[in-house]
1. Output the residues belonging to the range B:12-49 that are of a type in the set (D, E) and either touching a Cys at 6+ places or on another chain (Cβ under 9 Å) or within 14 Å of B:V73 (Cβ to Cβ) (or both).
2. Of everything in the range B:38-52 that's touching a residue at least 40 places away in the same chain (Cβ under 8 Å) and assigned to a helix (DSSP H, G or I), which residue is nearest to B:S5 (Cα to Cα)?
3. Name, by its number, the condition in (1) more than 13 Å from chain A (Cβ to nearest Cβ); (2) touching a residue at least 60 places away in the same chain (Cβ under 8 Å); (3) more than 19 Å from the chain's Cα centre (by Cα) that does not hold for B:E67.
4. Evaluate the following for B:V179: is it modelled with pLDDT of 75 or more and surrounded by 10 or more Cβ atoms within 10 Å (Cβ to Cβ)?
5. Being more than 14 Å from chain A (Cβ to nearest Cβ) and within 12 Å of B:V89 (Cα to Cα) is the filter here; which residues of the range B:30-43 pass it?
6. Consider A:C15 against the criteria (1) more than 17 Å from A:F290 (Cα to Cα); (2) more than 14 Å from every other protein chain (Cβ to nearest Cβ): it satisfies all of them except one. Which criterion is unmet?
7. Return the residues of the range B:126-141 that are farther than 29 Å from B:A35 by Cβ and away from every other protein chain (no Cβ under 13 Å); say none if nothing qualifies.
Amino acid sequence: MARRSSRACRPSDICTPGIEKTAEQKKWQQVVPLVERMDYLAAQSNSLCYVLSVEKLLGLEMPQRVKDIRVLLAELQRMASHLVWIGTHAMEIGAVSMLFYAIRERELLMNINELIAGFRFFPSYFRVGGLREDLARGFHEAVNAFLDRFPEEDRRVRRAPDEERHVPAAHRGRRRAHAGRCARVGTGRARSRAGRDPITTCGSSFPYTGYETYDFKVPTATEGDVFAQYRVRVEEMRQSVKIARQAIQRITPSGAWACDDSRVVPPPKDKVYTEMEALIQHFLIYSQGFTVPAGEALRAG
Amino acid sequence: MDASSIIDTLTTAVPGASYEAGKSVDFATIYVPAAQLVETCRALREIPSLRFNVLIEVTAADYLPREPRFEVVYHLLSIPNRLRLRLKVRVASTQIDGVVPTVQSVWPAAGWPEREVWDMFGIVFAEHGDLRRLLMPEDWEGHPARKDYPVQIRKAAQTYEPLEVSESRVQGEHRARPVSAGARWLVVGGW
C-alpha cells in the first residue's frame, strides 16, 4: 500500500448549513430537529448535547428514568455511528463486504428509532424537559434482541476483512499521534485516546446525564498509530453494549418520561380536556414556547 | 475552581491586567482585556494549578444594539486538572479590525476557529497570518452570523462556464471516447 501523508491542511469553502442563524429564529424546542441534522450518523447525540445545555440554563433536573433512556439511546447512536465508520473504513482498505454486515446491524438501530419516534434518521425524541413521549410498546424486546446479537455480529463484521491480517497491515505504524500534540492542535475522540499518555475527557471526567452511575471503562491505547485508533473505536462499541445492557435493565417499560416543570412540559392530555388552566398551558407551550433565562451553557459531547 | 480564585492566580502572573468574573451557570467565566489576551492565555496554559492545555473552540456573540457589540468567546479545557473555563473578550464595533490578537502561539488549534469567527462575524484577529474565509465562499460579501444580517438572502448563481451543452458537443465527445474491449458489449447492447 502506498504511503500517503498530508503535511498541511488548508481548508476553504466548507459548506455551512448556517444552523446557528436558523436557530436564532426558532423556538427552543424547534431547534432539536435542526441540531440533529448536524450529524447524520449519530443524530441523537447532538440533540442530547443541545437539550442538556438548555436544561442547564433552565435549571431542570430530569427523573432517573429519563436519564437512563437518554444514556441508552446515546449509546445506540454511538454504535450506529461506529458501524458506518467501520464499514466505510474497511472499504477503503479493500474489504467491501464489511460494509454490508455493518449496515445490516445499523438497520436494526434505525428500526428502534422508528419504533420510538416514527423517524429513522432524526427521531427528535429528546426534548428540552425530557422525552417526546413514553417508550413505545416492544421497545425492550427490540433493544434486547439487538444487544443479544450484536457482540456476535460485531465479531463477524470485523472478521470479514480478516482482521488479523488486513487491518494491521494497513494501519500499523501509520500516522502516529501523540496525546500532547493532539491537545495542542485540538483533535479529540479516538485519535487522542489512542496516543501515548492517552487523553480521556468528557463522560468520565465531566459526567453528565448519569453516566457516572454506569460501569464501563474508557477505551485507550498507547501506540498512537491508526491501528490503535481502530482498536479504541472497536472497544468503544463493546463498552457501548455494556452500558446499554445496564441501562435497559434499569428502564421500566412505562413511567416518567419528562420532568414535572409545567413551564416546559405540556400537561397530560386528560387534564387538557378537563381543566381550563391545563388547556391554556398547553396552548401557550405549543404557540409561544417557553422562555429560557439569558446565559451561556456548554455541553461538549 | 471558581472564577475569583482563577482571577487571583492570574493577577499575580500577569501584572497590570484587569479581569472581571462573568455570570455563568456551568463553569467559570472571565472577561479578559484584548491587550493582555495572549499573556493571559499563556499563563492559563503554563500555571500548574490551571494548565488549560486544550482550546475547545473559539466563537463569538453579537449583542446588537449593545456596545461593546461583540464578545469573542474561548472555551478552554484543562485535562490534568479536569477544569473548564470560558474566556471572553469584549469587542466594540469600532475595534473589530485587528484589536483582538490571535492565540495561535499558545494553542495552534486556534487557527481555523479564528478564521471561522472572522468569516461569520467579521472580527479580524491581529497577526493571524491566514485569515481567509473558512465556511463561506471566498467572494462572499458580509458576515452571516451577525444579528443585522438577514436570515435568508437570495444570491444569483454565478457560473463561469455555460450550463447548456449542445447536442453536437455530446455527439462529438461520445464519438471521441474510445470503447474498451470489455465494455464493447455494453455499447452494442447485447446481453
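1. Going residue by residue through the range B:12-49, those that are of a type in the set (D, E) are B:20, B:26, B:39, B:46.
B:D26 - this is the single residue of the range B:12-49 that is of a type in the set (D, E) and either touching a Cys at 6+ places or on another chain (Cβ under 9 Å) or within 14 Å of B:V73 (Cβ to Cβ) (or both).
2. The initial filter retains those residues of the range B:38-52 that are touching a residue at least 40 places away in the same chain (Cβ under 8 Å), namely B:38, B:40-42, B:44-45, B:49-50.
This time we only want the ones that are assigned to a helix (DSSP H, G or I), so: B:38, B:40-42, B:44-45.
Values: B:V38: 20, B:T40: 15, B:C41: 16, B:R42: 17, B:L44: 13, B:R45: 16 Å.
Within the range B:38-52, the match that is nearest to B:S5 (Cα to Cα) is B:L44.
3. For B:E67, the exception is condition (2).
4. Here the answer is no, as B:V179 does not meet what is asked.
5. First, the residues of the range B:30-43 that are more than 14 Å from chain A (Cβ to nearest Cβ): B:32-40, B:43.
Across the range B:30-43, the qualifying residues are B:V32, B:P33, B:A34, B:A35, B:Q36, B:L37, B:V38, B:T40.
6. Status for A:C15: all satisfied but (2).
7. Matches in the range B:126-141: B:E141 only.
Yes or no, residue by residue, for (1) away from chain A (no Cβ under 14 Å); (2) charged (D, E, K, R); (3) free of Cβ contacts under 8 Å to residues at least 60 places away in the same chain:
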position: B:S93; (1), (2), (3): yes, no, yes
position: B:P108; (1), (2), (3): no, no, yes
position: B:W112; (1), (2), (3): no, no, yes
position: B:V124; (1), (2), (3): yes, no, yes
position: B:P150; (1), (2), (3): no, no, yes
position: B:K155; (1), (2), (3): no, yes, yes
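The values are calculated or read from the model by the stated rules, or taken from the named source; none is laboratory data. Please read these numbers as outputs of a predicted model, since none were measured by experiment. Positions of Cβ are generated from backbone atoms using ideal geometry, with glycine treated the same way; all protein chains shown enter the neighbour counts.
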